[in-house]
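To keep things clear, I will list the structure first and then write my remarks on it.
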Amino acid sequence: MPERSPFDRDGNDVVIVSTGSICSTGRNPQESYDSAVAAIEDGTYKTGLRELRPEDLPNFDQMAEAKGITAPEERAAFFRNTFKCGAGGVIPAEFFPNPEENHKPYPDSFFRGKNQLVGTPIVQAYLALKQIQELLPELFADNGRMRSDMAKRAMIDVASGAGFCVTGLEEQFMNFLDAPNNERLGKNYRPRWLLQNLGNMAAAQLASAFGIKGSQNSSNSACSASGISMINGMNAIRAAGNNTDIAIVGGSEYVTGSVTTMIPFDSMGALSRGWRKGRGAEHALTSFGADRDGFVPGDAAGLVVLMRRNLADHLGIEPLATVHGVSTNTCQPLEFTGKTLADGTVTGQSALMEQLFENIGLQISAFHDQLVHFTHGTGTEAGAINELNATAKALGRVAREGLYIGTGNKERIGHTLGAAFIMSVIDAVEAMRKRIIAGLPSTEKVDPRLKELNPDISRVEGLVIDPEDLCATADGMLCRRNEKLAPKGKTIITSMGFGGTNVSALVGEP
């Protein structure tokens, strides 16, 4: 009897049946990905990145007043000196429905009068799940709420990397400074503090609004957070006892707020102004180019719905993709001389991709189809070196055979931290739908230095990397070009969280 291939169809396969997102290049996954493909096809290389303005930061006026800064030139200098990154992937205001319109796009619990009671990450996540609700009428058949027979068997995990609590606390402090000094001072903000800042509030609010009665949670592991959410969903569906049939997983991040883009973040070297010298804000981030000088923050929310294939068949829902596996590991950078929590390690990143294939039951040496790679691609100096070397170590043979294609979305939408992993998963699904892989819009060519073996990697981490594998991996990056997706191709998504938590997933055709 022939051995079953890990990619053979099975009723217990976990599949993606719907996605929803909002980011700086589109109010839903289709719009965002169409924009990405068109930008390269028509040669405009448009992205959602642009120069930040004071009006992008809701509390800038209060901050300036608190410092006693009122003159226009002083305000301009205060903004310029404080928000060093200069550019961001800000979601356009027109992407958000107006809460004053008659059709009431948000639940009553989101607003009191004209005041928004919940934080921006919750609003973004709500809009993403609203898209899913409209796409899955079979599931949300109870007046827009989840079917009662499914509600208790559904879980939701909405991740945050950094901005969820920080931006809410900042807003409360600004409101505190702005409020009159009377007996009500400090009493008006407690409900908003809870709704905006507790980590589980995004999942809790969505569960309440859409009638989801299973477990709700919020993962937090920096840039890999929504990957951990996806693992939680996969584990819940596959767990013994069959307690969960449906998992709604993803992340929502608001990282262009005042606190998250201020000097303390910039002082670590991740954010930079160097791009101002040679390119516009729309190309502020280059992932693998010689001019890379730091990541650029971006706002986004993305959610995907996971379920078993046999349940999708039962409900009459056509899957969008199969999730072959999701894996995670933790780098221990202090074990390696010269590595920091920000650097991560080549050892850990390459081991993760190898572990992913091993968990699926497939040797990379036996893989002979096109392999698309949505890289982490932060645009930092160390990040690019580590990621290309780790990929070459793990996937070099695939690259050497011309089957490896590397891309990413941070050049288009910015680094969305807690939503970063899931936004790449959504882009992978859209690539399958469009049959085209969107390339990197800002990296004109891979830095030639990245094709040269770094002796420190071999010395410090004890890894042997074939120089041909490294060159082939670098040559596989989609620099300012799109590529057709092969029929049997698979997509690997990787994300490395600050602090050492790495996540990787492999998805393929449904």
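The table below lists the values:
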{"read-out": "Region 382-403 residues that are under 15 Å from residue 453 (Cα atoms), paired with ones that are of a type in the set (Lys, Arg) and buried (at least 23 other Cβ atoms within 10 Å of the Cβ) (beta carbon under 8 Å, 6 or more apart)", "value": "384/292"}
{"read-out": "Region 73-102: number of residues that are at pLDDT 95 or above and in contact with a Lys or Arg (Cβ under 6 Å, 6 or more places away or on another chain)", "value": "1"}
{"read-out": "Scope region 239-288; condition in a loop (DSSP other than H, G, I, E, B), modelled with pLDDT of 90 or more and of a type in the set (A, V, I, L, M); matching residues", "value": "285"}
{"read-out": "Options 425, 429; residue that is surrounded by fewer than 24 Cβ atoms within 10 Å (Cβ to Cβ) and within 19 Å of residue 159 (Cβ to Cβ)", "value": "429"}
{"read-out": "Matching residues, region 29-74, being closer than 20 Å to residue 129 by Cβ, of a type in the set (S, T, N, Q) and surrounded by fewer than 23 Cβ atoms within 10 Å (Cβ to Cβ)", "value": "30"}
{"read-out": "Region 371-382: number of residues that are surrounded by 24 or more Cβ atoms within 10 Å (Cβ to Cβ) and more than 12 Å from residue 506 (Cα to Cα)", "value": "6"}
{"read-out": "One residue from 126, 106 being in the same structural domain as residue 255 (by TED's automatic domain parsing) and either among the aliphatic types (A, V, I, L, M) or part of a helix (DSSP H, G or I) (or both)", "value": "126"}
{"read-out": "Filter result (under 30 Å from residue 42 (Cα atoms) and surrounded by fewer than 22 Cβ atoms within 10 Å (Cβ to Cβ)) within region 438-473", "value": "444, 445, 447, 448, 449, 451, 471"}
{"read-out": "Only listed residue being at pLDDT 95 or above and out of contact with any Ser or Thr (no Cβ under 9 Å at 6 or more places or on another chain), chosen from 19, 44, 70", "value": "19"}
{"read-out": "Residue match in region 487-508 (condition: in contact with a His (Cβ under 6 Å, 6 or more places away or on another chain), of a type in the set (Val, Ile, Thr) and buried (at least 22 other Cβ atoms within 10 Å of the Cβ))", "value": "yes"}
{"read-out": "Whichever residue in region 303-318 is in contact with a strand residue (DSSP E or B) (Cβ under 6 Å, 6 or more places away or on another chain) and assigned to a strand (DSSP E or B) and, among such residues, is nearest to residue 11 (Cα to Cα)", "value": "307"}
{"read-out": "Test: residue in region 402-424 that is out of contact with any Lys or Arg (no Cβ under 6 Å at 6 or more places or on another chain), more than 23 Å from residue 379 (Cβ to Cβ) and outside the structural domain of residue 227 (by TED's automatic domain parsing)", "value": "yes"}
{"read-out": "Enumeration of residues in region 100-126 that are farther than 17 Å from residue 208 by Cβ and more than 26 Å from the chain's Cα centre (by Cα)", "value": "100, 101, 102, 103, 113, 114, 115"}
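Residue-wise test of (1) closer than 21 Å to residue 325 by Cβ; (2) among the hydroxyl-bearing types (Ser, Thr, Tyr); (3) not assigned by TED's automatic domain parsing to the domain that holds residue 251.
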| site | (1), (2), (3) |
| --- | --- |
| 450 | no, no, yes |
| 482 | no, no, yes |
| 492 | yes, no, yes |
| 495 | yes, yes, yes |
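The values are calculated or read from the model by the stated rules, or taken from the named source; none is laboratory data. Remember, it's a predicted structure, so these values are computed and weren't measured experimentally. Cβ coordinates were reconstructed from backbone atoms using ideal geometry, including for glycine residues, and neighbour counts include every protein chain displayed.
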